[in-house]
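**Q** First the structure, which I've put down as structure tokens, then a few questions once you've had a look.
The values are calculated or read from the model by the stated rules, or taken from the named source; none is laboratory data. Just so we're clear, the structure is a prediction, and the values are computed from it rather than from any experiment. When we count neighbours, we look across all protein chains shown, and the Cβ atoms used for this are built from the backbone with ideal geometry, even at glycine. For accessibility, only protein heavy atoms count, side chains too; no ligands or nucleic acids. Shrake-Rupley method; radii C 1.70, N 1.55, O 1.52, S 1.80 Å.
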Amino acid sequence: RVLYLDGDLVVTKSLKGLYELSFAGTDGRENYFVVCEGPGVSRRQWKVYDYLGIPHDYPYFNSGVLLMNLSLLRRSFDTKVLFDFIAAHGENLKYHDQDTLNALFYDKVIYADWNIYNQTILHIRDKAEADERLKYAAVIHYAGSDKPWKHDYKSWYFDLFWQFARRAGYGKMYAQVMWKRFWWHVKNHLR
């Protein structure tokens, strides 16, 4: 097994519980991935489901956190299927790898709790909700186009991201972003 994590997230707690999850489904069948349901395509966007060939009763998962069953993938998945799907649909895929993985594996995954293992910054109503989500999240995923390393970032957990980034040696980048952010705020308040 290998745990894939997108580059736009921070890990705030141990991922041991996720890493040790079983690939076996309730039916005893072995699955290819452990995933988390996530934002991107809601169940109301049936045109996307239909285009990708996903039955309406399956959740759409986020590919930013994937626990991969390498032995099953090596044993029974032909990567040609992946490349053929991309060749046939590539120009119309909004979330590229995520759409492709959902189309090919929607019924071959186990779901972990997204509140813990793939908490995104999306769809948070207010500070109270943001604080509550942070209490139990082991992964904060900066999904979407708004990224905390951009000076005009407007979403949640900006300081948390930079707390980890500065510890990892990105202090100079932090200073540059904060300087640009300061002038961006000044400019916006003068309008």
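**Q** So if I check each of Gly144, Gly90, which one is under 24 Å from Val48 (Cβ atoms) and assigned to a helix (DSSP H, G or I)? So that I can check it myself, show each step before the final result.
**A** Working: Gly144 fails: assigned to a helix (DSSP H, G or I).
None of the other options fit; the residue is Gly90.
**Q** Just a yes or no: is a residue in the stretch 126-143 open to solvent by 70 Å² or more (accessible area, probe 1.4 Å), touching a helix residue (DSSP H, G or I) at 6+ places or on another chain (Cβ under 8 Å), touching a residue at least 24 places away in the same chain (Cβ under 8 Å) and at negative phi?
**A** The answer is no, given that none of the residues of the stretch 126-143 is open to solvent by 70 Å² or more (accessible area, probe 1.4 Å), touching a helix residue (DSSP H, G or I) at 6+ places or on another chain (Cβ under 8 Å), touching a residue at least 24 places away in the same chain (Cβ under 8 Å) and at negative phi.
**Q** Follow-up question, since we're still on this one. State yes or no: is His123 more than 30 Å from Gly28 (Cα to Cα), open to solvent by 40 Å² or more (accessible area, probe 1.4 Å), in contact with a Phe, Trp or Tyr (Cβ under 6 Å, 6 or more places away or on another chain) and in a loop (DSSP other than H, G, I, E, B)? First the steps, then the outcome.
**A** Values: more than 30 Å from Gly28 (Cα to Cα): yes; open to solvent by 40 Å² or more (accessible area, probe 1.4 Å): yes; in contact with a Phe, Trp or Tyr (Cβ under 6 Å, 6 or more places away or on another chain): no; in a loop (DSSP other than H, G, I, E, B): yes.
Taking the combined requirement at face value, the residue does not satisfy it.
**Q** Shifting gears a bit: With Lys147, Lys180 as the choices, which residue is in contact (Cβ under 8 Å) with a residue 12 or more places away in the chain, in contact with an Asp or Glu (Cβ under 9 Å, 6 or more places away or on another chain) and open to solvent by less than 90 Å² (accessible area, probe 1.4 Å)?
**A** Lys147
**Q** Filter the stretch 17-35 down to residues that are open to solvent by 50 Å² or more (accessible area, probe 1.4 Å), touching a strand residue (DSSP E or B) at 6+ places or on another chain (Cβ under 8 Å) and farther than 12 Å from Leu72 by Cβ, then give me how many there are.
**A** As a first pass, look at the stretch 17-35 and keep what is open to solvent by 50 Å² or more (accessible area, probe 1.4 Å): 19-22, 24, 26-30.
Retained after the next criterion (residues that are touching a strand residue (DSSP E or B) at 6+ places or on another chain (Cβ under 8 Å)): 19, 21-22, 24, 30.
Keeping just the survivors that are farther than 12 Å from Leu72 by Cβ gives 19, 21-22.
Matching residues across the stretch 17-35 total 3.
**Q** Looking only at the stretch 67-87, which residues are closer than 27 Å to Trp114 by Cα and either touching a Phe, Trp or Tyr at 6+ places or on another chain (Cβ under 8 Å) or among the small types (Gly, Ala, Ser) (or both)?
**A** Correct list: Leu67, Met68, Asn69, Ser71, Leu72, Leu73, Phe77.
**Q** Under 9 Å between Cβ atoms, at least 6 apart or on separate chains: pull out the pairs that start in the stretch 6-35 with a residue that is in a helix (DSSP H, G or I) and at pLDDT 95 or above and end on any residue that is open to solvent by 30 Å² or more (accessible area, probe 1.4 Å) and aliphatic (A, V, I, L, M).
**A** Note: pairs meeting the criteria are Gly17/Ile116; Leu18/Leu3; Leu18/Ile116; Tyr19/Leu3.
**Q** Out of the residues in the stretch 150-167 meeting the condition of being open to solvent by 70 Å² or more (accessible area, probe 1.4 Å) and not charged (D, E, K, R), tell me which one is farthest from Asp113 (Cα to Cα).
**A** Let us first name the residues in the stretch 150-167 that are open to solvent by 70 Å² or more (accessible area, probe 1.4 Å), namely 150, 154, 156, 159, 163, 166-167.
Remaining after also requiring not charged (D, E, K, R): 156, 163.
On the way: Trp156: 20, Gln163: 25 Å.
Filtering first and then ranking leaves Gln163.
**Q** Return the residue satisfying two criteria in turn: it lies in the stretch 88-120 and is of a type outside the set (Lys, Arg), at pLDDT 95 or above and farther than 18 Å from Asp6 by Cβ, and of such residues it is least open to solvent (accessible area, probe 1.4 Å).
**A** Among them, the one singled out is Ala103.
**Q** Which of the numbered conditions does Glu30 fail, given that it passes all the others? Conditions: (1) under 16 Å from Val2 (Cα atoms); (2) under 18 Å from the mean Cα position of the chain (by Cα).
**A** In the conditions (1) under 16 Å from Val2 (Cα atoms); (2) under 18 Å from the mean Cα position of the chain (by Cα), Glu30 misses (2) alone.
**Q** Can you list residue pairs whose Cβ atoms sit under 8 Å apart, with the first residue in the stretch 43-71 being of a type in the set (Phe, Trp, Tyr) and the second being assigned to a helix (DSSP H, G or I) and open to solvent by 60 Å² or more (accessible area, probe 1.4 Å)? Count only pairs 6 or more apart in sequence or on different chains.
**A** Tyr51/Asn92
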